[in-house]
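Report on the following structure.
Read-outs throughout are calculated quantities, based only on the coordinates presented, and are distinct from any laboratory measurement. Treat the numbers as computed from the prediction; the structure is a model and nothing was measured. Don't worry about glycine lacking a Cβ; one is built from the backbone with ideal geometry, like all the others, and counts go over all protein chains shown.
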Amino acid sequence: MTTLEKTTEDILQLASAHFKVPREQLNPTDDFFKKLGINSLQALDLLTRIEQHFHIELPDYELQGVSDFRTLAERIQSRL
Amino acid sequence: MKSFQGKCLSWRISDGTIELQLDRAPCNEIGSESLAELEKFTEALESLQRDAHALIISSARSEGFCAGADLRELYERSQSLRPADRIAAVRAFLERIHRVMNAIDGAPLTTIAAVHGVTFGGGFELALTCDLIIADKMTRFCFPELRLGLIPGFGGIPRLKRDLGNAVVRDLLLTGRSINATKAQSVGLVSQVTGEGDALRVARATAAQIGKFDRETAMAAKRFIKTIPHDELRREIEIFCELFTKPAVEEGLRKFVESTDALPYLP
């Protein structure tokens, strides 16, 4: 069973690798739009990478109002 | 014209394959300039197709294949017209884009959309005119039109319904959600999913394979299996124009154009 902590860590690693932000600069409560400096198209890119990594389908409307890594992890966790 | 370099797109012919490449910042939004160049392409297609067996449509933009209609231009153009003239202008645009889409849909060539990234709205509808869709694994498909109080207007619903089950069409249309390439392949929309940045190469390899077959036979097969849903396409224009008169559409367009939201594509 994947824990919320593990899911959060996986997202942070994914975001760090793809958007070239050092992992140690990212925290679970960070606003990922601000911290990664991404726009809506790049957010879609992150969503696709998340779906591929976790082998899930995450409708984008479930991300409405979600801007921090921890809440994003909770949404993913509910689909695992 | 064997090759063309415009402001929004280019085309060339190589080894019996016509390659049409969209290239307008930020993500190939289709406005009046793109439409004029697409019309130029469909005119040229008459002579290009004599020397070709396949057509590949792709995008040079890293953001994706095409984000759909140029909503900013649509809104600004609407605002510059008297309300009574707005519908006539929208209808004229739709009639023109439908002629382009129908010409590509029925072209006597095997047509391939090589897509990546954002393939939304009118971009999705352009891909649906093609015989095959080859998608980079980072592609996302979406019909976000309902958030504006509209339906897709470039032929999307009839063409998606032609290719897929009605339940899938309803899901995409009524939720406005985007789906990735793997999901799109699982429902039968995408013929091949490629690695990142590899869709055009795979499309070229597929076009080369198609070139081994007798073209007349291939076209007989295409005509037999792929009909253009003309009646539904006409109906789509009517519904779009009816909806466009509603105040909610103007408000939706205004909100989108003025939005500073990080996720403006979401309803």
| message | Students often forget the sequence filter, so: which lysines lie under 17 Å Cα-Cα from residue B:255 once same-chain residues fewer than 8 apart are removed? | response | B:246
| Residue mean of other protein chain beta carbons inside 10 Å, A:36-49 | 5
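Sorting check: for A:4-16, B:28-40, which peptide has the highest mean count of neighbouring beta carbons within 10 Å, and how do the rest follow?
B:28-40, A:4-16
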| note | For segment A:54-64, Karplus-derived ³J(HN,Hα) couplings (6.51, -1.76, 1.60; θ = phi - 60°; whole Hz; x for glycine and proline) come out as 9, 6, 10, 10, 10, x, 5, 5, 6, 8, 4
| message | Whole angstrom only: what separates the Cα centroid of segment B:140-166 from the Cα centroid of segment B:71-139? | response | 11
| Looking at A:73, A:54, A:14, which one has the Cα that reaches farthest to the positive end of the dipole of segment A:4-77 (charges on Cβ: Lys, Arg +1; Asp, Glu -1)? | A:14
| task | Could you go through segment B:40-48 in sequence order and give the Karplus-derived ³J(HN,Hα) for each residue, using 6.51 cos²θ - 1.76 cosθ + 1.60 with θ = phi - 60°, rounded to whole Hz, and x for Gly and Pro? | result | 4, 5, 5, 5, 5, 4, 3, 8, 4
| said: How high is the relative contact order of chain B? Use alpha-carbon pairs under 8 Å, at least six apart in sequence, and give a whole percent. | reply: 19
| request: Mind jotting down the distance between the C-alpha centroids of segment A:1-79 and segment B:225-257, whole Å? | output: 35
| request: Collect residues whose amide H, placed 1.01 Å from N in the peptide plane, falls under 5 Å from the amide H of residue B:140; neighbours closer than 5 in sequence don't count. | output: B:117, B:118, B:119
| note | Taking B:83-90, B:146-153 and ranking on average Cβ neighbours within 10 Å, highest first, one gets B:146-153, B:83-90
| In debye, nearest 20: dipole of segment B:190-251 around its Cα centre with unit charges on the Cβ of K, R (+) and D, E (-)? | 560
| query | Using r as the Cβ-Cβ distance of residue A:78 and residue B:239, and R0 as 30 Å, what FRET efficiency do you calculate, to the nearest 0.05? | reply | 0.25
| Along the charge dipole of the protein assembly as shown, which of B:115, A:37, B:78 sits closest to the positive end, that is, farthest toward it, with unit charges on the beta carbon of Lys, Arg, Asp and Glu (+1, +1, -1, -1)? | B:115
| Under a point-charge model restricted to the Cβ atoms of Lys and Arg (+1) and Asp and Glu (-1), what is the dipole moment magnitude of chain B relative to its Cα centre, in debye to the nearest 20? | 320
| query | Within a Cβ distance under 12 Å of residue B:56, other residues only, what is the Lys/Arg minus Asp/Glu net charge? | reply | 0
| Helix-only CD estimate at 222 nm, as mean residue ellipticity for chain B, using -39500 (n - 2.57) per DSSP H run (n ≥ 4) | -15500 deg cm²/dmol
| query | Non-local amide H neighbours of residue B:18 (under 5 Å, H modeled in plane, Pro and chain starts lacking H): which ones? | reply | B:53, B:54, B:55, B:56
| Under 18 Å from the Cα of residue B:7 - lysines, other chains or at least 8 residues apart | B:40
| query | Using the Cα gyration tensor of segment B:134-267, with a ≥ b ≥ c the square roots of its eigenvalues, what is the shape: rounded (a/c below 1.5), prolate (a/b larger than b/c) or oblate (neither)? | reply | oblate
| Relative contact order (%) - segment A:4-77, alpha-carbon pairs under 8 angstrom, separation at least six | 43
| message | What does the C-alpha gyration tensor say about the overall shape of segment A:11-53? Classify as rounded when a/c is under 1.5, otherwise prolate if a/b is larger than b/c, or oblate. | response | oblate
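Given a Förster distance of 51 angstrom, what is the FRET efficiency for residue A:10 paired with residue B:92, based on the Cβ-Cβ distance and rounded to 0.05?
0.50
Residues of A:56-66, mean number of Cβ from any other protein chain within 10 Å of their own Cβ, rounded to a whole number? Numbers along the way, then the final one.
On the way: counts 0, 6, 2, 6, 12, 7, 1, 2, 3, 2, 1.
Per residue, the number of nearby Cβ atoms from other chains is 4 on average.
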| request: Work out, step by step, the length gained on full extension between residue B:151 and residue B:212: first 0.36 nm times the residue separation, then minus their alpha carbon distance; give nm to one decimal. | output: 18.0 nm
| Cα gyration tensor of segment A:4-77, axes a ≥ b ≥ c as square roots of the eigenvalues: rounded (a/c below 1.5), prolate (a/b > b/c) or oblate? | rounded
| Residue mean of other protein chain beta carbons inside 10 Å, B:176-182 | 5
| note | Percent antiparallel among DSSP beta bridges confined to chain B, rounded to 5, stands at 35
